[in-house]
Amino acid sequence: MIVERTARGLDKRLGAARFARTALNKVFPDHWSFMVGEIAMYCLIILIMTGVYLTFFYVPDARQVIYHGSYAPLRGTRMSAAYESTLHVSFDVRAGLVMRQIHHWAALLFIGSILVHLLRIFFTGAFRNPRELNWIVGLTLFLLALGNGFTGYSLPDDLLSGTGLRIAYSVLLSIPLIGPWMAFLVFGGEFPSNDIIPRLFVIHVLIIPAAIIGLLTVHLVMLVRQKHTQFPGRGRSERNVVGSKLWPTFTAKTLGLFFFVFAVCAALGGLVQINPVWLYGPFQPAAVSAASQPDWYIGWLEGALRLMPPWEIRAFGFEIPNVFFPGVLLPGITFTIVYLWPYIEARFTRDHAEHHLLDSPRDRPVRTAIGVAVLMFYGVLFLAGGNDVIAARFDLSVNAVTYVFRALIFVVPLIAFVATYRLCKELAARSRGRPERMAVLARTEAGGYVEVEPEPESGPAPEPGAEPDPEPDASGLRS
């Protein structure tokens, strides 16, 4: 057979059979949470497919034209060629609108699934030795996804995305010393600049996707080299991986997941409207949309900008504008700490050993409480990004809503930390088969009271005839 001879020839020259056998025998854990990262990968595939389709029709040009397309309310309106091509895709290209919406929904799910994947890694301790570098790569992928989401969101050149670009330009300008140079490098001049749309297009379709694909490849290679983590359980140890082989069980499961993700994105794109740019109109430098709201992954930054008091300082001969603190300093400190977290935790816990078994979040109350508090902090910022919408909906003063959020940003994370810590301690104590021992008050002879520890409770007696579970060997099989 020609196919058989070709396969044998390739195997003789490349040793492909050994590699394929090793790859097909790789074991993947069965827990559902390990599939979240694959959802992100499948969303990326959908983004590439729909993005290639949209590229054939989108025009990344800021030159002004007069619209004569199918959307009657905007006929005769002066707009950029980029906005005109977006309307053309939405109303005149066959399947153009559904492709646009699938692309947008897939982008939101892509960023969301990466975030959930990172949270799973954080709360289970999967970032510990020897996976610190993989944590850094994954976090960089998240930042690249945020950047690509924002650049794609800005390409239609409608009034809403133009408002976001105006904010981004102001944030860049606020950086001391290098801010004006960075703004000029990105925008090609003062805002609005005719160069920004073509530059965003190149960044969105070429530079960031290439970086994402490269880092994703590195991430997967390291995953194969370091093997999967897994939750503790029967037959699982630091030296094995218990689950399904890549072929055929895991392949069938992951293909089913891909088609499910594709079906969800297609259903959302066809049935749920998102980003109706024709309602916003073309970008005009002197206009701003009422109740402007960015995509969810930028909502926390919007909230931080709105909650920041009108403080400005002058240091070393430079005026540091108000937007620098919530727009540059806050995310800079946050992501620096998150990047260094594996090393920070290892230093404080003095735990430098290799870990392949995951933690239960309840068994690490400090880490879990810190993670929940940070989530609540950014959750409050996210809600604060819609302070004007909340005020209009409930007929409240915008200033009053802002002051309430300024208080909640400190109170809610503190309450979340204490509540999560106590809950984790209680759950951990119950998981050991006994309630957490609390100090009790005993009356002294002098009439006062003193705290004393109660007597430890003994665990349940083993059942008659019960034998301990045998220890698993290195292969994960029991004797």
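The values are calculated or read from the model by the stated rules, or taken from the named source; none is laboratory data. Fair warning: this is a prediction, and the values are worked out from it, not measured in the lab. No Cβ is skipped: glycine too gets one built from the backbone with ideal geometry, and neighbour counts run over all protein chains shown. These accessible areas exclude ligands, DNA and RNA; they are computed on the full protein's heavy atoms, side chains included. Shrake-Rupley method; radii C 1.70, N 1.55, O 1.52, S 1.80 Å.
Worth pointing out:
- Other-chain or far-sequence residues with amide H under 5 Å of Ser244's (modelled H): Phe28, Asp30
- In Hz, Karplus ³J(HN,Hα) per residue of the range 188-203 (6.51, -1.76, 1.60; θ = phi - 60°; x = Gly, Pro): x, x, 5, 6, x, 10, 6, 8, 5, 5, x, 5, 4, 5, 4, 5
- (1) 0.99; (2) 1.04; (3) 1.19, with the label sought being that of the calculated Rg/Rh (Cα atoms, Kirkwood Rh): (2)
- Across the accessible surface of the range 250-306, with the other protein chains kept in place and a 1.4 Å probe, carbon and sulfur atoms take up 72 percent.
- Remark: the range 315-328, residue by residue, has Karplus-estimated 3J(HN,Hα) of 9, 6, x, 10, 8, 9, x, 4, 6, 5, 5, x, x, 10 Hz, where x stands for each Gly or Pro and the curve is 6.51 cos²θ - 1.76 cosθ + 1.60 at θ = phi - 60°.
- Helix 81-91 vs. the chain, principal-axis angle (Cα, 0 to 90°, nearest 10): 70
- Residues whose amide H lies under 5 Å from that of Arg128, counting only those 5 or more places away or on a different chain, are absent; hydrogens are built 1.01 Å from N in the peptide plane.
- Taking Cα centre as origin and charging only the Cβ of basic (Lys, Arg, +1) and acidic (Asp, Glu, -1) residues, the dipole magnitude of the chain rounds to 1240 debye.
- Net charge dipole size for the range 257-366 [Lys, Arg +1 and Asp, Glu -1 on Cβ; Debye, nearest 20]: 120
- Extension gain, Leu246 back to Val98 (0.36 nm per residue minus Cα-Cα distance, nm): 49.9 nm
- Phi angles of the range 290-307 translate, via the Karplus equation with coefficients 6.51, -1.76, 1.60 and θ = phi - 60°, into HN-Hα couplings of 6, 6, 5, 9, x, 4, 4, 6, 10, x, 5, 5, 4, x, 5, 5, 6, 8 Hz per residue; Gly and Pro are given as x.
- Extension gain for Thr217-Ala391 works out to 58.0 nm (0.36 nm per residue, less the C-alpha to C-alpha distance).
- Folded to 0 to 90 degrees: helix 251-271 orientation relative to the chain principal axis, Cα: 40
- Partner lysines for Lys26 [C-alpha distance under 28 Å; skip if fewer than 8 residues away on the same chain]: Lys12, Lys227, Lys245, Lys253
- Spatial separation of Cα centroids for the range 292-322 and the range 20-71, in angstrom: 32
- Computed extension length for His352-Ile313: 9.8 nm, one decimal, from 0.36 nm per residue of separation with the Cα-Cα distance subtracted.
- Kirkwood Rh, angstrom, the range 347-417 [1 / mean 1/r, Cα pairs]: 14.5
- Inter-probe distance in nm under a simple model that places probes 7 Å from Cα toward Cβ, at Gln273 and Arg166: 2.4
- FRET efficiency, Phe57 to Lys227 (Cβ-Cβ, R0 35 Å, nearest 0.05): 0.20
- Based on Cα contacts under 8 Å between residues 6+ apart, the range 285-429 shows a relative contact order of 33 percent.
- Estimated FRET transfer efficiency (Asn399, Ser70; beta-carbon r; R0 41 Å; 0.05): 0.40
- For the range 350-377, the residues whose backbone nitrogen is under 16 Å from a point 7 Å from the Cα of Glu426, taken along Cα to Cβ, are 362-363, 365, 369.
- Pair Phe258, Thr6: separation of 7 Å Cα→Cβ label points (nm): 2.1
- Note on Asp195 and Leu115: the model spin-label points, each 7 Å out from Cα along the C-beta direction, lie 3.3 nm apart.
- Tilt relative to the chain, helix 398-431 - C-alpha long axis, 0 to 90 degrees, to 10: 30
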